[in-house]
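Down below is the structure, laid out as structure tokens.
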Amino acid sequence: MKLQRNNRLRAIAAGALAVSGALVLTACGSDDNTGSSSGGGGTKTDASNIKCEGKGQLLASGSSAQKNAMDLWVKNFGAACKDIKINYKATGSGAGIQEWLQGKTAFAGSDSALKPEEVASSKKMCKTGQGVNLPMVGGPIAVGFNVPGVDKLTLDAKTLGEIFDSKITKWNDSAIKNLNKGVNLPDLKIQAFHRSDDSGTTDNFTKYLKAAAPSAWPHEPGKAWEGKGGQAADGSAGVSSQVKQVSGAISYFELSYATASSIKTVDLNTGASAPVQATVDNASKAISEAKVKGTGKDLALDLAYDTKAEGAYPITLVTYEIACDKGNNADTLAATKSFLTYVASEDGQASLKELGYAPLPAEIATKVRESVASLS
């Protein structure tokens, strides 16, 4: 049964990747997406509970971590709301925030909450309000590896920190051997890949390293990579592709990319009684410990990166959709609220799990829906 489920997950995730190009073409204005209106009148479609408001093209960009989820949401929403064309570009969290701050997009996707200076900048663009963080997508950041002859690998935060800071450079290093008794580790150079772009996934991964193994990771967490050495690739698709192709490679990316490409993932020794696998359910256990640190309609979360709870996978991220609480572009506000309402709905969230993402905990999802409804 486990094999059948894994095969099914790979097929679904691969399908999401395969349709992404077609979705972008549709979002950019294919004639196939301009049928008779089901939007603008505020009525619910017969096929779903999606409520269509507004019309025209909705531009957004940012997090590549949520790309597979966004592709599916755009497909479902576009089928119901044919007068709204959504174009989401997975440019990376940093670039997405900058485009939004420049007024080029209706909302941004980011795997990290806005920094204080970004909130300050948002007040200029929002005019009567400021940017707020709306969590929409949760899930594990998998650590994928490609070590010939090794199917199962356990690492801890200290060892990961030293691998990605070029202090451990061979797969048969004693530190890795001690965590993997009985595993035949080859005398092979470690090829550690990190993101070349400013990335919320990098931010969350380095927050985990800093929280769980500060002595092994002396660098400050952030969207830009600060570790020593290693090799870089663009986006989650880029680093996962390198792991798939390069013998001895290791990198970090969302579970959906590992699933789609059949990449083996590291089990984490967190200090719990047994190593923890990178699964949606295990990530959900860690995310459920998150606390809301934002105020008002801002729902930024404080994640438990150093949790030792049984079965809790601590390398998690939450992707936020970022919009103005007040002062959104009047031309795109209705469509933005319509789309984000669907994304935060029970239907929108329920569609995530099969793609390797974790739906939001119920109490957080309820607050998100309230915040989306109040956008103006």
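Roll a 1.4 angstrom probe over the protein heavy atoms and tell me the percent of accessible area of the range 252-326 that is carbon or sulfur. Before the final figure, lay out each step's value.
Working: 1200 of 2690 Å².
Carbon-and-sulfur percentage of accessible area, whole number: 45.
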For LYS308, list the lysines whose Cα falls under 19 Å from its own Cα; do not include residues on the same chain fewer than 8 positions away.
LYS158, LYS207, LYS210, LYS285, LYS291
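So for TRP100, TRP225, what's the accessible-area order with a 1.4 Å probe, most first? Could you put the intermediate results ahead of the total?
On the way: TRP100 5, TRP225 45 Å².
Highest to lowest solvent-accessible surface, that is TRP225, TRP100.
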Classify the range 60-151: rounded, prolate or oblate, from the alpha-carbon gyration tensor (a ≥ b ≥ c, eigenvalue square roots; a/c under 1.5 rounded; otherwise prolate if a/b is larger than b/c)?
oblate
Out of residues 5 or more away from ALA358 or on other chains, whose amide H comes under 5 Å of its own, with H placed 1.01 Å from N in the peptide plane?
GLY138, GLY139
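By accessible area of protein heavy atoms, probe 1.4 Å, what ranking do ASP187, ASP306, ASP156 get, highest first? The partial results should precede the final answer.
Values: ASP187 110, ASP306 85, ASP156 35 Å².
Largest accessible area first, the list is ASP187, ASP306, ASP156.
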Which residues qualify? For ALA142, with a placed amide H closer than 5 Å and at least 5 residues away or on another chain, they are PHE253, GLU254, LEU255
Where in the chain are the helices, taken as whole DSSP H runs, whose Cα atoms extend 30 angstrom or more along the long axis and whose Kyte-Doolittle mean reaches at least 0.5?
2-27
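Kirkwood hydrodynamic radius of the chain from all distinct Cα pairs, in Å? Each step should come with its number before you reach the end.
Working: mean 1/r = 0.0477 Å⁻¹.
Every distinct Cα pair counted, the radius reaches 21.0 Å.
Using a/c under 1.5 as the rounded threshold, could you call the range 141-287 rounded, prolate or oblate? The axes a ≥ b ≥ c are square roots of the C-alpha gyration tensor eigenvalues, and prolate needs a/b larger than b/c, oblate otherwise. Spell out each step's value before the answer.
Numbers: a/c = 1.17, a/b = 1.12, b/c = 1.04.
It is rounded, given that a/c, with a ≥ b ≥ c, falls under 1.5.
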Residues of the chain: accessible area per residue with a 1.4 Å probe, Å²:
41 Å²
Could you name the lysines whose alpha carbon sits less than 16 Å from that of LYS326, not counting residues in the same chain fewer than 8 places away?
LYS123, LYS124, LYS127, LYS297, LYS337
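Multiplying the sequence separation of ASN49 and LYS181 by 0.36 nm and subtracting their Cα-Cα distance, what value in nm do you get? Working shown, then result.
On the way: separation 132, 0.36 × 132 = 47.52 nm, distance 5.20 nm.
Gain on stretching ASN49 to LYS181: 42.3 nm.
Can you give the local net charge around ILE315? Use residues other than it whose beta-carbon is closer than 15 angstrom to its beta-carbon, Lys and Arg +1, Asp and Glu -1. If you can, show how the numbers build up before the last one.
Numbers: positive: LYS158, ARG195, LYS207, LYS210, LYS285, LYS308; negative: ASP111, ASP156, ASP203, GLU254, ASP267, ASP281, GLU289, ASP306.
Once all neighbours under 15 Å are counted, the net charge is -2.
The values are calculated or read from the model by the stated rules, or taken from the named source; none is laboratory data. Source: prediction; values computed, not measured. Every residue, glycine among them, receives a Cβ derived from its backbone with ideal geometry; neighbour counts consider all protein chains shown. Ligands, DNA and RNA are stripped out before the accessible areas are found, and what is left, the full protein with its side chains, is counted by its heavy atoms. Shrake-Rupley method; radii C 1.70, N 1.55, O 1.52, S 1.80 Å.
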